[in-house]
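The values are calculated or read from the model by the stated rules, or taken from the named source; none is laboratory data. Just so it is clear, the structure is predicted and the values come from calculations on it, not from any experiment. In this analysis, Cβ positions are derived from the backbone assuming ideal geometry, glycine residues included, and neighbour counts consider all displayed protein chains. Side chains are part of the model used for accessible areas, which takes the heavy atoms of the whole protein and leaves out ligands, DNA and RNA. Shrake-Rupley method; radii C 1.70, N 1.55, O 1.52, S 1.80 Å.
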Amino acid sequence: NKRFNEHLSARITQDVNVDREGDGEGDIEIRLKYGFLRYQFDGGSLFYKPYVEFGMVSRPWIDFEQSINRYRVQGTMFLERNGILSSADYGLSFVSLLGGELDEDYQKNVSKSFPGKYGSFAIGIYNGGGYHAIEKNENKTIDGRLSIRPVPEILPGFQVSAVGAFGKGNVGSSPEYKTIAGILSYESRIIDLTGTFYSGTGFEDGSQLSSIGKPPSNNGYSVFTDFNIPKTSFNLIGRYDNFTSDSGSFKSKSERFIIGFAYYFFGDSKILVDYERLKRNFVTSKDDYIFEIAVEFRY
């Protein structure tokens with residue numbers, strides 16, 4: 001991150017990935033995750049601290065969700081893991097807080113991310129394939145998020161969010177792609193909770209079309225909790241995902257269960273131990289069982 005003056009800043013973030021196919025199978029690749037310029041406007045009492053990002057930018061939803069669910073080190077979020085949304089893409093984003101900021105106590109002890117007193121929003125236009133894919137058509141995707149704090153004086157950690165993405169799948173035939181999701185979230189010193197409800201058509205990459213090229217109808221939901229054991233540096237986490245996709249000729253359903261505990265040190269750095277089970281309804285597929293130990297340093 002580099003700040004040039006009070007208005008202009010930039011960010012470059014690399015992403016390390018293992019090549020799983022092709023001539024370089026097994027090689028470690030470094031690719032661009034974020035690479036953008038940000039211009040911060042002065043703003044006013046309603047649109048507070050608004051800014052524009054241009055380049056390889058954060059898309060509206062995943063960046064917000066990961067400010068509540070701090071366990072990206074375990075794996076991607078619900079919509080990203082099921083191929084619905086990417087966290088970053090080439091494009092242009094406009095982001096703003098709403099109605100000023102929450103007080104310093106909340107930001108110090110609960111969360112500094114998107115601390116708009118009445119919420120925040122983000123909207124943008126993107127290539128649509130995600131930062132990890134080559135663009136395969138001329139379509140552009142419109143993404144948006146609106147998060148509202150209905151009672152900031154009573155429950156500052158409670159937010160209601162709506163998310164939408166509209167465009168075409170990232171293949172030459174450009175099948176329909178539409179995502180609508182509603183999210184309830186709550187953040188406090190002791191517990192964080194989220195509930196996501198999703199309905200849509202098609203996948204971001206344009207895959208899983210029917211025999212006549214029709215995109216599937218999708219729906220699902222996810223719940224997540226992060227509980228801090230009082231007066232300790234230990235947290236317990238749990239997550240359940242339920243996702244269904246129906247192309248007409250083929251219907252798939254999966255359930256994901258995640259439980260774990262984390263030990264925090266040096267601020268938000270952590271050691272995470274978790275267990276994950278993925279159940280599928282395919283007759284030929286076996287369930288996945290994953291036991292994981294991860295260490296994340298944040299600075």
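If you go through segment 108-129, how many residues are over 21 Å from Leu146 (Cβ atoms) and polar (S, T, N, Q)?
2
Got a sec? Which strands (runs of 3 or more DSSP E) wholly within segment 119-183 have at least 1 residues that are small (Gly, Ala, Ser) and farther than 28 Å from Leu193 by Cβ?
Values: elements: 119-126, 141-148, 158-168.
The qualifying strands (runs of 3 or more DSSP E) are 158-168.
Would you please name the residue that is surrounded by the fewest Cβ atoms within 10 Å (Cβ to Cβ), looking only at residues in segment 161-183 that are free of Cβ contacts under 8 Å to residues at least 60 places away in the same chain and small (Gly, Ala, Ser)? Outline the logic, then answer.
Kept after step one, since they are free of Cβ contacts under 8 Å to residues at least 60 places away in the same chain, are these residues of segment 161-183: 162, 164, 166-178, 180, 182.
Narrowing the set further to residues that are small (Gly, Ala, Ser) leaves 162, 164, 167, 169, 172-174, 182.
Values: Ala162: 14, Gly164: 17, Gly167: 22, Gly169: 26, Gly172: 9, Ser173: 12, Ser174: 16, Gly182: 14.
Only one residue tops the list, namely Gly172.
Given the structure, is Tyr118 touching a helix residue (DSSP H, G or I) at 6+ places or on another chain (Cβ under 8 Å) and of a type in the set (Phe, Trp, Tyr)? Before the answer, list the steps.
Details: touching a helix residue (DSSP H, G or I) at 6+ places or on another chain (Cβ under 8 Å): no; of a type in the set (Phe, Trp, Tyr): yes.
Spelling it out, it is not the case that Tyr118 is touching a helix residue (DSSP H, G or I) at 6+ places or on another chain (Cβ under 8 Å) and of a type in the set (Phe, Trp, Tyr).
Filter segment 136-160 for residues that are modelled with pLDDT under 95 and open to solvent by less than 70 Å² (accessible area, probe 1.4 Å) and give the result.
Listed by number, the residues that qualify are Asn137, Asn139.
Name, by its number, the condition in (1) over 29 Å from Glu204 (Cα atoms); (2) in contact with a strand residue (DSSP E or B) (Cβ under 6 Å, 6 or more places away or on another chain); (3) open to solvent by less than 80 Å² (accessible area, probe 1.4 Å) that does not hold for Arg3.
Of (1) over 29 Å from Glu204 (Cα atoms); (2) in contact with a strand residue (DSSP E or B) (Cβ under 6 Å, 6 or more places away or on another chain); (3) open to solvent by less than 80 Å² (accessible area, probe 1.4 Å), only one is false for Arg3: (3).
Are any residues in segment 16-59 surrounded by 14 or more Cβ atoms within 10 Å (Cβ to Cβ) and under 18 Å from His132 (Cβ atoms), and if so, which ones?
Result: Leu32, Lys33, Tyr34, Gly35, Phe36, Gly55, Met56, Val57, Ser58, Arg59.
Pick from Ile229, Ile259, Ile212: which is under 22 Å from the mean Cα position of the chain (by Cα), open to solvent by 20 Å² or more (accessible area, probe 1.4 Å) and among the β-branched types (Val, Ile, Thr)?
Numbers: Ile229 fails: under 22 Å from the mean Cα position of the chain (by Cα); Ile212 fails: under 22 Å from the mean Cα position of the chain (by Cα).
Just one listed residue meets the conditions, Ile259.
Restricting the search to segment 95-116, which residues are open to solvent by 20 Å² or more (accessible area, probe 1.4 Å), free of Cβ contacts under 8 Å to residues at least 40 places away in the same chain and under 21 Å from Ala162 (Cβ atoms)?
none
Of the residues that sit in segment 242-255 and are part of a strand (DSSP E or B) and open to solvent by less than 30 Å² (accessible area, probe 1.4 Å), which one is nearest to Thr225 (Cα to Cα)? Please lay out each step first, then the result.
Quick first cut of segment 242-255, residues part of a strand (DSSP E or B) only: 242-246, 251-255.
Next cut, open to solvent by less than 30 Å² (accessible area, probe 1.4 Å) only: 242-245, 252, 254.
On the way: Asn242: 15, Phe243: 18, Thr244: 22, Ser245: 25, Ser252: 26, Ser254: 20 Å.
Residue satisfying both the conditions and the ranking: Asn242.
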